[in-house]
Each structure stands twice: as structure tokens, then as C-alpha cells.
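Notes follow once the structure below has been shown.
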Amino acid sequence: MKFPIRFRFWVAQRFSAAISEPSLPALAAEGQPTNPRAGKPARRAFHALILTAAVFLFMAAGDESARFKDLGHRMMCTCGCGQVLLECNHVGCQSSDKMRDQLQAALDKGSSNSDDLILQGFVQEYGPTVIAAPTATGFNRVAWIMPFLVLALGIAFAVHIVRSWKNRPEPALADGITIPRGHEHDLDEFRRKARKETDV
């Protein structure tokens, strides 16, 4: 069970208040030395040990819930809705309820079930379509590699085409005469000469 952030903050406040050192006037009134750190290393070590244990307890409490969410988002619902198992929004969906119960039962068996074993169990029961994303093994690697490969090839092809258009030669006229760009008045002169010579 995962504890809410507010509860964790409240426990941390109460714990720090419980282990806080008494004020100097209170120590002097009791007749104790006014240096609160003198002779208290065992108490400090005990408090550090309790604090460390509390931190690990809170971390472990959220582990199963996070693992359930992680595995639930890595599987698809088999009712045909095409949604992730934990996101299936069909009212009264028997497939998602059954699969969630199976997932929780597999997680309740303890740490002997790794995530991969749980997913393999679901694949054996429901088929490979129960996995939301293809695994990166065997032929399934193609599903991960191909989109990036096609994108890279498309970019390379576009760059090649743009460079070939940019580097194409100047247009040539009859008898190998080339007209440099920016000299349109020369082109008009050539056209006038061509009309004059063909006007027979």
C-alpha cells in the first residue's frame, strides 16, 4: 500500500518533533548539563536507525503499487477496446477485471515472480497481442528499428534531391551556348536573332 504524500509529511513532522532536543532552559531547570550533545551518541544513533527504517518502510510500501501500475500499463485489455489494461473504460468490462485480478494475484505471490515471468504468463494465456509494446527480441526488433530507419532514409533522400537540384548545370542553348543567370537581356537578344534567322 502506498501512503499519500501528506501522510508521509505528517509522520516526518511528528518524528522530527519527537526527537528534537529540549531547550537549554529546560535542561538547566532539570539539573542536566546545558550541552545537549554531551553523552547522547547512542540516542542519536538510535534515532538515525529509526529514521532510516521509516524511510525504507515508506519506500517499500509504494513498490507493489508502482509495480502493478507499470505492469498494467504494459498490457492491453483483451475485450477488443484496444486500450491499455488499466485504462480500459468499458463499464463492467469482464476482461479487464479478470486480468487485473490475475495481475494482483501474481504480484501477491511475492518477489519470486519477476515482471518478465508475469508478462510471459499473460502471453501464454492471452497470446502475444496482450503486450502493449513489442518486445525487443528476435524478429520484434524490426518493429523498433524500422520507423527510425525509414525516417533516416527519407531524410537522406530529401537531402540528396535538394543537393542535386541545387548543383544541376546551367541551361544550355543550341551550339553549346550557355546563358549565365541574371543576364535576361542577352536571352532576349538571342531570341531576336533566332526569329530573324528563321524568318525566311
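Of all residues in the stretch 162-177, those that are closer than 25 Å to Glu189 by Cβ and at pLDDT below 65 have Cβ atoms under 8 Å from Cβ atoms of residues that are hydrophobic (A, V, I, L, M, F, W, C) and surrounded by 10 or more Cβ atoms within 10 Å (Cβ to Cβ), 6 or more apart or on another chain, in Pro171/Ile179; Leu173/Ile179; Leu173/Phe190; Ile177/Phe190. Consider the stretch 63-101 and keep the residues that are in a loop (DSSP other than H, G, I, E, B) and among the β-branched types (Val, Ile, Thr). The one that is nearest to Gln124 (Cα to Cα) is Thr78. Applying the set (1) over 20 Å from Met75 (Cβ atoms); (2) surrounded by 12 or more Cβ atoms within 10 Å (Cβ to Cβ) to Ile155 leaves exactly one unmet item: (2).
Would you please name the residue that is surrounded by the most Cβ atoms within 10 Å (Cβ to Cβ), looking only at residues in the stretch 108-121 that are over 23 Å from the mean Cα position of the chain (by Cα) and either among the β-branched types (Val, Ile, Thr) or assigned to a helix (DSSP H, G or I) (or both)? Among residues in the stretch 108-121 that are over 23 Å from the mean Cα position of the chain (by Cα) and either among the β-branched types (Val, Ile, Thr) or assigned to a helix (DSSP H, G or I) (or both), the one surrounded by the most Cβ atoms within 10 Å (Cβ to Cβ) is Gly121.
The values are calculated or read from the model by the stated rules, or taken from the named source; none is laboratory data. Please read these numbers as outputs of a predicted model, since none were measured by experiment. Note: ideal-geometry Cβ built from the backbone for every residue, glycine included; neighbour counts use all protein chains shown.
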